[in-house]
Amino acid sequence: MERIYLDHAATTPMHPEVIEAVSRQMGEVFGNPSSIHSFGRTARHVVDTARSTAAKSIGADFNEIIFTSGGTEADNLAITGIAKAMKQKGRHIITTAIEHHAVLHTCEQLEREGHEVTYLPVGEDGQLRLADLEEALREDTILVSVMYGNNEVGTLQPIADIGQLLKDHQAVFHTDAVQAYGMESIDVKAAHIDLLSVSSHKINGPKGIGFLYAKEGIALEPALFGGEQERKRRAGTENVPAIAGFNKAIELAASSLEEKRELYTGFKKQLINILEDKQITFHLNGTLEQSLPHVVNLSFPGTDVESMLVNLDLAGIAASSGSACTAGSIEPSHVLVAMYGKDSDRLRNSIRFSFGLTNTKEQIDQAGEAVAKIVARLTNK
Amino acid sequence: MIYFDNSATTKPYKEALSTYVKVNEQFFGNPSSLHHLGLQAERLLFESRKQMASLLGTEAENIIFTSGGTEANNLAIKGTALANMHRGRHIITQQTEHPSVINACQQLEEHGFRVSYLPVDSHGQVSAEDVAAALTNETILVSIMHVNNETGAIQPIQEIAKLLKNEPQVLFHVDDVQGRGKVPLNLENIDLCTLSAHKFHGLKGNGVLYKKKGVKLSALLSGGNQESGFRSGTENAGGVAAMAKALRLIEEHRREHGERLRAVQQFLRKELEGRQDVIIHTPREGCAPHILNFSVERLKGEVLVHALEERGCYLSTTSACSSRQKKTSTVLTAMGVPKEIADSSVRLSLSYENTRQEAEAFIQILKDTIPTLAKVQR
C-alpha cells in the first residue's frame, strides 16, 4: 500500500539536496565556527552564507538573523527577550487566542511572572479584527505577537495592517511565521515586522534549526548564556551542518514558491471537489481565500477525530487532528475553540490535511476517495 | 593534516552520519503525530533515549534532549534556580567553568541570586573543602565541571558528590561536556549532568541534560511540552539517534584505545617538557587524557596557532567559544598564570583517532616553527 503523507504542517521530509548539503558539511567541514583556524573559518563561512540567504529571503539585513534551535526557541526568545528587555517601558503584551503553544505557553509563563497579557479573539474566519487590536493597545504595551499563518486551519492574519498600526507605537511587533515561511512571500521591512520566527523542518530542512529575525536596534535579552555566538544573542556552538541544510532548504523554497502556491491551492480545491462529488457532508474550517495554500482543515459532522485518524492511518493516509504538538493527546483544539466556541461539534470531528514535497495529483485523488469512503462508513451513509 | 582541536569540535563518526541520514530519509515524522510515521519517529526517539540512558547507567525518564551543551547548562542552572528559589537563592560554582555556566550564573545574579565563584589551585582544581565551607542554608545548587575544556584538569566530582550527599537540599550539577567518552563519570550521586554530542563525534545541535528523578526544574522553553514538559520544540530524532550511536562508539573506543590516547599525550608532554621555552599548564596528575595546554614563551598563542596551521596542524588558543575575542584566558588567570604567559597559551586536544606518528610529526613541526616565529616577534 502506498502511504500518502498529508501532514506537512507537522513536519516535512528533508529534500534530497538538503540531505546532501547536510552530509557534506558533517563529513568535510566539521569545524567549530569560533575556532580561528581554517576548519573554523570554513565553518564560519557556511554560517555567514546561510545568514545572507535567510536575510535575503525576507528582505532583512545580514546582522538581523539569529539562528536558533528551531521555531519554539525563536518564539520563546522573541517574547521573553522583549518582555525582559522592555520591562521598564511596560508589562503589557497582546497576542491572539489561536497562536502556537510556543507563543501561548510563553505568554502564560510571563503572566505568572507579573506581565499582563491580552488574548485577542478571532472570528469564525480565524482572523483577528484590527479594531480589537487597536482597542487593546495601551501606552504600556511592549509587544504584539500575531502569527502570520495559522498551523491548524491555515488562516492568514492581516500582518501588513498590524505592522502599519504599530509603526509609531513603542510596542514591538513579533510574528510567528513558522507555517507561512516558504509559502507566502514575506518582506519584513514593507510589513513593518520587528521580529519573525522561522523553523527549518517545516520547509524540508533539517530539524533542530530555525531563525529569529530581529530588526536592527531591537533590544532583546538573550535566553541562552555562554559563548559569544550570534552576536551574544544566542550562545552555543553553531549547528553548522543543519545551518548548511537550512540554507539549501531556503534557496529551494524561495525558487519554487509560486509553483508550490499554485500546486497546493489546486490540491486543496481538488480534495474539496472530490468530497463534494461524493456528496460528503463537510465544513471548511476557516476560509479558502485568506489561507495558507498548503493547509486545509475540514469538519465532518457525524464522525469523531479518533476513528477518523485511525481509519485514515489504516488506509495509509497520514493526516492530523490539529497541531502535532497538541496531537500527542487529543485535546480539543484551542484554535477551533476560538473560532467556533467550546460547544461546537467541529472540535470533535475536524481533520487537518497539509500538502508538501512528494505529493501528487494522483495521491490527492486517492486520498479524497479514501476520505469519502471512511466518512460515508462512519456516518452510515 | 593533523587535527588536534577535538575539544573545540570533533569530526562526526561515519556511523553517526549514516544514522542521521537514514532517519531523515525513512523516519522523518514528527514524534508527536498520531499516525504511522509519527509513531515510528516516536519509537525511534524512545529507543535512542533508552540507549542513551543505558550508556549513562540510568533510566530513560532521566534523559532530557536539548539543542546542545550550552542549552543543557542554562537549563540545569536557571531551571533549578527558578524551581527552587523559594528554598534559597545561593549557588556555588568555580572560576574555571565554561562561559555557559559562568554567564548563566551572572544572569541569575542580576535577578537577585548570590553566587560563590570558588577559586582553583595552580593545577586548576577546586577543593571539596572549599565547597563545604561555602555552603549556607540558602544554597540550592552546586555546579562544578568534570573536565576543564582548556586545561583538561579533572575536578574532584566524587568527593564533592559524597559531601553533598549529606545536604539533600543542595542539588549537584556537573558539566561533563569535555569528560564524556574520555574520563568515566558515575552519575549515581549527581542530580544534573550536561553532555554535548559534537564533542564525542555526534552532530552539532544535540545535547543531553541528565536529570535525576524527583529533581525540580523549570523549563526554559515553553511550547508543545515535549521532553516531559522540560524542553519544548519538535524533537530532532535523527540527531538524537546519531548521538546515541556516537556515545556507544566512543565508549567502545575508550575501552579499546584509552591506553593509546594516554600514551600519545604522555609522549607529547615529555617532548614539550624537554624544551626550555615551554611551560605546560595541564596538571600532571588528575588530567583528562586528551588535552594538553602549554605556552611557548614570548610567542603569542594566536601567532603560533596560525603558523602551525600553515604547516597543517590544527590547535586552538583558549576555548573555541572565546578564542575569537582575543581575551586573556580566565581559566589560566584563575590558576595564577601571569598574563604574559597566559597570552602565549595554546590548547592541543586529541581524539582516539590521533596516533603516535601524528604526535611525532607535530613535535617536529613545532620545533621547526618556533625559531622562525621567534625571529619575527623580536
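The values are calculated or read from the model by the stated rules, or taken from the named source; none is laboratory data. Note that the structure is a prediction, hence the values are computed from the model and not measured. Cβ atoms come from the backbone with ideal geometry, glycine included; neighbour counts cover every protein chain shown.
Kindly provide the set of residues from region B:40-82 that are outside any helix (DSSP H, G or I) and over 28 Å from residue A:211 (Cα atoms), ordered by number.
B:57, B:58, B:59
Please work out which residue is nearest to the other protein chains (Cβ to nearest Cβ), limiting yourself to region A:235-272 and to residues that are farther than 19 Å from residue A:18 by Cβ, out of contact with any Asp or Glu (no Cβ under 8 Å at 6 or more places or on another chain) and surrounded by 20 or more Cβ atoms within 10 Å (Cβ to Cβ).
A:237
Which count do you get for residues in region B:182-221 that are assigned to a loop (DSSP other than H, G, I, E, B), polar (S, T, N, Q) and either more than 11 Å from chain A (Cβ to nearest Cβ) or under 11 Å from the mean Cα position of the chain (by Cα) (or both)?
Of the residues in region B:182-221, 2 are assigned to a loop (DSSP other than H, G, I, E, B), polar (S, T, N, Q) and either more than 11 Å from chain A (Cβ to nearest Cβ) or under 11 Å from the mean Cα position of the chain (by Cα) (or both).
Search region B:95-113 for residues that are within 8 Å of another protein chain (Cβ to nearest Cβ) and pair each with any residue that is in a helix (DSSP H, G or I) and at pLDDT below 95 when their beta-carbon atoms are under 6 Å apart and the residues are at least 6 apart or on different chains.
B:99/B:321
Residues are listed down the side, and each one gets a yes or a no for (1) more than 22 Å from residue B:7 (Cβ to Cβ); (2) modelled with pLDDT of 95 or more:
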| site | (1), (2) |
| --- | --- |
| B:76 | no, yes |
| B:80 | yes, yes |
| B:84 | yes, yes |
| B:97 | no, yes |
| B:100 | no, yes |
| B:106 | yes, yes |
| B:110 | yes, no |
| B:130 | yes, yes |
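Which of (1) under 19 Å from residue A:188 (Cβ atoms); (2) more than 16 Å from the chain's Cα centre (by Cα); (3) of a type in the set (Val, Ile, Thr) does residue A:159 not meet, given it meets every other one?
In the conditions (1) under 19 Å from residue A:188 (Cβ atoms); (2) more than 16 Å from the chain's Cα centre (by Cα); (3) of a type in the set (Val, Ile, Thr), residue A:159 misses (2) alone.
Is at least one residue of region A:91-108 touching a strand residue (DSSP E or B) at 6+ places or on another chain (Cβ under 8 Å) and without any contact (Cβ under 8 Å) to a residue 12 or more places away in the chain?
Within region A:91-108, one or more residues are touching a strand residue (DSSP E or B) at 6+ places or on another chain (Cβ under 8 Å) and without any contact (Cβ under 8 Å) to a residue 12 or more places away in the chain.
Go through region A:207-229 residue by residue and tally those that are more than 14 Å from chain B (Cβ to nearest Cβ) and in a strand (DSSP E or B).
Residues flagged as more than 14 Å from chain B (Cβ to nearest Cβ) and in a strand (DSSP E or B) within region A:207-229 amount to 2.
What pairs come up if the first residue lies in region B:127-146 and is more than 13 Å from residue B:163 (Cα to Cα) and in the same structural domain as residue B:98 (by the TED database), the second is basic (Lys, Arg) and in a strand (DSSP E or B), and their beta carbons are under 9 Å apart, counting only those six or more places apart or on different chains?
B:136/B:114; B:138/B:114
Among the residues of region A:94-150, which ones are within 14 Å of another protein chain (Cβ to nearest Cβ), among the acidic types (Asp, Glu) and closer than 17 Å to residue A:172 by Cβ?
Within region A:94-150, just A:99 meets the criteria.
Kindly check whether there is at least one residue in region B:67-76 that is under 14 Å from residue B:211 (Cα atoms) and touching a helix residue (DSSP H, G or I) at 6+ places or on another chain (Cβ under 6 Å).
yes
Please return the ranges of helices (runs of 4 or more DSSP H) entirely within region B:233-350 where 1 or more residues are within 14 Å of another protein chain (Cβ to nearest Cβ), surrounded by 17 or more Cβ atoms within 10 Å (Cβ to Cβ) and acidic (Asp, Glu).
In region B:233-350, the matching helices (runs of 4 or more DSSP H) lie at B:301-310.
Just need a number here: residues in region B:47-89 that are surrounded by 22 or more Cβ atoms within 10 Å (Cβ to Cβ), more than 14 Å from chain A (Cβ to nearest Cβ) and among the basic types (Lys, Arg).
Within region B:47-89, residues that are surrounded by 22 or more Cβ atoms within 10 Å (Cβ to Cβ), more than 14 Å from chain A (Cβ to nearest Cβ) and among the basic types (Lys, Arg) number 1.
Filter region A:19-39 down to the residues that are more than 7 Å from chain B (Cβ to nearest Cβ) and in contact with a Pro (Cβ under 7 Å, 6 or more places away or on another chain), then identify the one that is farthest from residue A:315 (Cα to Cα).
The residue in question is A:25.
Could you say which residue among B:27, B:46, B:113, B:4 is under 23 Å from residue A:224 (Cβ atoms) and hydrophobic (A, V, I, L, M, F, W, C)?
From the options B:27, B:46, B:113, B:4, the qualifying one is B:113.
Checking residue B:160 against (1) touching a residue at least 24 places away in the same chain (Cβ under 8 Å); (2) farther than 28 Å from residue B:291 by Cβ; (3) assigned to a helix (DSSP H, G or I), only one condition comes out false. Which one?
For residue B:160, the failing item is (2).
Assess whether residue B:104 counts as being under 20 Å from residue A:113 (Cα atoms), of a type outside the set (Asp, Glu) and buried (at least 24 other Cβ atoms within 10 Å of the Cβ).
Against the criterion (under 20 Å from residue A:113 (Cα atoms), of a type outside the set (Asp, Glu) and buried (at least 24 other Cβ atoms within 10 Å of the Cβ)), residue B:104 qualifies.
Taking residue A:98, is it touching a Gly at 6+ places or on another chain (Cβ under 9 Å), among the aliphatic types (A, V, I, L, M), at pLDDT 95 or above and under 20 Å from residue A:82 (Cα atoms)?
no
Among (1) assigned to a loop (DSSP other than H, G, I, E, B); (2) polar (S, T, N, Q); (3) crowded, with 16+ Cβ neighbours inside 10 Å, which single condition is residue A:279 missing?
With (1) assigned to a loop (DSSP other than H, G, I, E, B); (2) polar (S, T, N, Q); (3) crowded, with 16+ Cβ neighbours inside 10 Å applied to residue A:279, the lone miss is (3).
Could you count how many residues in region B:140-176 are in contact with a Gly (Cβ under 6 Å, 6 or more places away or on another chain) and within 23 Å of residue B:84 (Cβ to Cβ)?
So the count comes out to 2.
List pairs: first residue in region A:74-90 and assigned by TED's automatic domain parsing to the domain that holds residue A:233, second residue at pLDDT 95 or above and of a type in the set (Phe, Trp, Tyr) anywhere in the structure, Cβ distance under 9 angstrom, at least six positions apart or on different chains.
A:74/A:211; A:74/A:213
Could you check region B:1-46 and list, in sequence order, the residues that are basic (Lys, Arg) and either more than 9 Å from every other protein chain (Cβ to nearest Cβ) or without any contact (Cβ under 8 Å) to a residue 24 or more places away in the chain (or both)?
B:14, B:22, B:43
Of the residues that make up region A:79-91, is at least one of a type outside the set (Ser, Thr, Tyr) and closer than 28 Å to residue A:357 by Cβ?
Within region A:79-91, not a single residue is of a type outside the set (Ser, Thr, Tyr) and closer than 28 Å to residue A:357 by Cβ.
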